[in-house]
Amino acid sequence: MSEKYVSADLRRLVTNRAADCCEYCRTQAWYSGDSFTMDHIAPRRLDGETTPENLALCCNGCNQHKSKRTTALDPVTGALVPLFHPRKEGWDEHFTWNDDFTLVVGLTPTGRATILALQLNRLGLANLRRALYAIGEHPPEPNV
């Protein structure tokens, strides 16, 4: 089992790399009511290490829904597929926004499965995106 502790330097590296956005739902940390966490992409329970390559900046909602999962069912095909891996894949490969930028849309089986498993279109997130879009603060600049 890997070390649980994420040093301040490692936390800063992960946060800066993600440009202060959840690497799954793209929520901007400065507009979130909760502090963000470090997600072990390969969970510690499955021997995932506490290294830059295995950490993603994550809002609490996405982190709780992801838990120790690394796979989920694609709602279109029913196939078990890997969840989105922010260190190995680009967000734009698997996701896009709907016309009014309130919902994340899956482009691939992995994208669709991740949206469903992590509930990337939770009502609160869609409402926040709508409000931020209205003031020109959403979507965040693509970087991951």
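Some values worked out for this structure:
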item	result
Some residue of the range 96-110 being touching a residue at least 40 places away in the same chain (Cβ under 8 Å), in contact with a Leu (Cβ under 6 Å, 6 or more places away or on another chain) and closer than 21 Å to Arg11 by Cβ	no
Residue selected from the range 103-136 under the condition out of contact with any helix residue (DSSP H, G or I) (no Cβ under 7 Å at 6 or more places or on another chain) and among the charged types (D, E, K, R), by the criterion surrounded by the fewest Cβ atoms within 10 Å (Cβ to Cβ)	Arg130
Count of the range 30-52 residues which are in contact with a Pro (Cβ under 9 Å, 6 or more places away or on another chain) and assigned to a loop (DSSP other than H, G, I, E, B)	1
Unmet requirement for Leu46, which otherwise passes all of (1) more than 13 Å from the chain's Cα centre (by Cα); (2) of a type in the set (A, V, I, L, M, F, W, C); (3) modelled with pLDDT of 95 or more	(3)
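For every residue, the table says whether it meets (1) in contact (Cβ under 8 Å) with a residue 40 or more places away in the chain; (2) closer than 28 Å to Leu123 by Cβ; (3) among the aliphatic types (A, V, I, L, M); (4) surrounded by 13 or more Cβ atoms within 10 Å (Cβ to Cβ).
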residue: Arg11; (1), (2), (3), (4): no, no, no, yes
residue: Phe36; (1), (2), (3), (4): no, yes, no, yes
residue: Arg44; (1), (2), (3), (4): yes, no, no, yes
residue: Gly48; (1), (2), (3), (4): yes, no, no, yes
residue: Glu53; (1), (2), (3), (4): no, no, no, no
residue: His65; (1), (2), (3), (4): yes, yes, no, yes
residue: Leu83; (1), (2), (3), (4): no, yes, yes, yes
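The values are calculated or read from the model by the stated rules, or taken from the named source; none is laboratory data. Keep in mind that what you see is a predicted model, and the values were worked out from it rather than measured. A quick note on method: Cβ atoms are made from the backbone with ideal geometry, for glycine too, and the neighbour counts reach across all protein chains shown.
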